[in-house]
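Working notes, structure below.
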Amino acid sequence: MLRFEFTNEEIEEIKKKIHFTPRQVRIISYRLDELSLIQMAELESCDVSTISREIKKIKIKIMRVI
């Protein structure tokens, strides 16, 4: 699972460089708050596998910039 070990400033810089979908922005926020996949899925009214796919997409986007 993608762990966000960034400072708030680093996260904001990444958000400026990368276009994230609204759902991806919320998932980033959830990850920073250390919510589980199940909790995120409940908040987003979707399946856990959808959250996992979105996290993978976020990781790919971040790796392209870093």
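The values are calculated or read from the model by the stated rules, or taken from the named source; none is laboratory data. What you are looking at is a predicted structure, and each value in this text was computed from that prediction instead of being measured. Just so you know, the surface numbers come from the protein's heavy atoms only, side chains and all, with ligands and any DNA or RNA stripped out. Shrake-Rupley method; radii C 1.70, N 1.55, O 1.52, S 1.80 Å.
For segment 16-37, indicate whether the set of residues that are hydroxyl-bearing (Ser, Thr, Tyr), modelled with pLDDT of 90 or more and part of a helix (DSSP H, G or I) is non-empty. Looking for residues that are hydroxyl-bearing (Ser, Thr, Tyr), modelled with pLDDT of 90 or more and part of a helix (DSSP H, G or I), one finds at least one in segment 16-37, hence yes.
Restricting attention to segment 35-55, the residues that are open to solvent by 90 Å² or more (accessible area, probe 1.4 Å) and under 23 Å from residue 65 (Cα atoms) total 1. Checking 58, 66 one by one, the residue that is of a type outside the set (Gly, Ala, Ser) and open to solvent by 100 Å² or more (accessible area, probe 1.4 Å) is 66 and no other.
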